[in-house]
């Protein structure tokens, strides 16, 4: 089976292109979107067909812009949707679900987009794959390239967390640490993409790559029994995942698998890098780039490629943007872990912290059914919360020592 | 003379040159100079209100001009100006 797409179209000026490794309209530099044959997809897909498919994102392959025969399947996607009653109670919600994307092959949602990018890159005949990354993407590109036996060139800011650096290096890519922010890395890679014959997943393969995030939305609807929730909150860096989730709900409706979605889409950013939520609060669609300063390094994109469309979507869906301080992010990581047993990286803390603030301000009503996207696992960013370990008991290996220490702590009210 | 790095989509206007040079005191003048030597380039960079298009990033010596003075940002001899599509990354 081949893919159900037949071209690219500029989202700004409407110019059309073939299925090529290009990312921006040659005329106005606008972003390119994949054109699908939805009538054919409607015939090819059914609830029963999807449910009989593989337990990975490939169960939705007609809605993906690549041929599955080129896939490198590490098992990305079809992650759990968990009812989070304990966290809901603390936040003041009656109906909260967590989309737990910490359990992907390299522990973040980036395995979804890379699954598509690498299949497309192979279909295009590239033998090297590359990316500009804040860390999670680097991990996923390196892992998938190893499995595909492709050369990988992975560019990251030099100040990333150790877990993310080692989590890329282990797969033996060409790992390049760049002195500068993610936005500097991205500019470097955009320039390199015009010189090197490499598939830069988030540059010249970006129209295909970014479609992988749609699978988050497909899964949420399927796992809710083929319906869209009333509210989804997702973290925003470039704004790509946030916009693709909304697209996915509209697509499921277009092919007849769900009712028309009325989902409100809200986005979460770290205050130290909040170009989108700042523009939202200033009531403008023109964001001002920022120089990031936050512990949420995976969201530290100061010049977000999809910032404009994220802001448009917020207005269209009656959603909100919020931002969280480093302190609030850490508190939220702890809260999520202590109530639901899910250890999220800093981006997950951002999402939960912002959800909390939106409920407190009344922007999200307590009766709404909310799905929060937890996009990556906490072992990648242990630095952010390492203080929790300071208070661990240290005892000699005998029961008396343990009982003595426990009694002492109890008398001092120490956990 | 400032040197200007030209992205692939604009090289059809520069005889496939990836770098061109021009003399100007600020970015607005620089784009006017580029239009003189390579007609057609200005409409690709500027919208109908003569502002930089939404998905065009311009850097002067690596600094986004939106952190400087936008089209009024000064351009000096030996500066390196990069024109880079904005829809990348993330």
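Could you work out, residue by residue across B:49-59, how many beta carbons of other chains sit within 10 Å of that residue's beta carbon, and then give the average as an integer?
Values: counts 0, 0, 1, 0, 5, 8, 11, 4, 8, 0, 4.
For this peptide, the per-residue mean of nearby foreign Cβ atoms is 4.
When A:280, A:36 are arranged by Cβ crowding within 10 Å, least crowded first, meaning fewest neighbours, the order is A:36, A:280. For the protein assembly as shown, adding -39500 (n - 2.57) for each run of n ≥ 4 DSSP H residues and dividing by the number of residues yields -10000 deg cm²/dmol at 222 nm.
Against the main long axis of the alpha-carbon atoms of chain A, helix A:399-411 sits at an angle near 90°. Cα-based values for segment B:2-85, radius of gyration first and Dmax second, are 11.4, 31 Å.
Report, to two decimal places, the Cα Rg of segment A:164-255 normalised by 2.2 N^0.38 Å (N = number of residues).
Numbers: Rg = 16.9 Å, N = 92, 2.2 N^0.38 = 12.3 Å.
Relative to the 2.2 N^0.38 Å estimate, segment A:164-255 comes out at 1.38.
Distance between the 7 Å Cα→Cβ label points at residue B:61 and residue A:89: 6.0 nm.
Going by neighbour counts of Cβ atoms within 10 Å, the residues A:357, A:404 line up, fewest first, as A:404, A:357. Only Cα sites of segment A:367-415 enter the Debye sum here, all with the same form factor; the resulting log10 I(q)/I(0) across q = 0.22 1/Å is -0.85, listed in q order.
Order these peptides, A:101-108, B:76-83, A:114-121, by their mean beta-carbon neighbour count within 10 angstrom, highest first. Numbers along the way, then the final one.
Details: A:101-108: 23.6, B:76-83: 15.5, A:114-121: 29.4.
Top of the packing list down: A:114-121, A:101-108, B:76-83.
By the Stokes-Einstein formula, at 1.002 mPa s and 20 °C, segment A:5-74 with its Kirkwood radius over alpha-carbon pairs has D equal to 156 µm²/s. Put a dot 7 Å past the Cα of residue B:25, heading toward its Cβ, do the same for residue B:48, and the two dots end up 3.2 nm apart.
Please list log₁₀ I(q)/I(0) at q = 0.20 Å⁻¹ for segment A:187-317, using the Debye equation with identical point scatterers on the alpha-carbon positions. So the normalised log intensities work out to -1.14. Spin-label pair residue B:36-residue A:327: with each label point 7 Å from Cα along the Cα-Cβ axis, the two points sit 5.7 nm from one another. For chain A, the longest principal axis of the alpha carbon atoms and the long axis of helix A:307-317 meet at an angle near 80°.
Can you pull the mean other chain C-beta count within 10 Å for peptide A:24-33? If you can, show how the numbers build up before the last one.
Values: counts 10, 4, 7, 5, 10, 15, 7, 5, 1, 0.
Mean shielding by partner chains, rounded to a whole number: 6.
Debye-formula intensities of segment A:82-209, expressed as log10 I(q)/I(0) at q = 0.11, 0.14, 0.19 Å⁻¹, are -0.42, -0.61, -0.94 (one equal scatterer per alpha-carbon, no solvent).
Note on segment A:151-228 and segment A:69-144: Cα centroid distance 11 Å, given to the nearest whole angstrom.
For the protein assembly as shown, take the convex hull of the Cα atoms, compute a quarter of its surface area, and give me that in nm², please.
Numbers: hull surface 103.8 nm².
The directionally averaged projection comes out at 26.0 nm².
Using R0 = 45 Å, the C-beta based FRET efficiency linking residue B:1 and residue A:169 works out to 0.60.
Read the figures in this text as sums done on the coordinates, not as results from a lab. What you are looking at is a predicted structure, and each value in this text was computed from that prediction instead of being measured. Note that each Cβ is placed from the backbone with ideal geometry, even for glycine, and that neighbours are counted across all protein chains shown.
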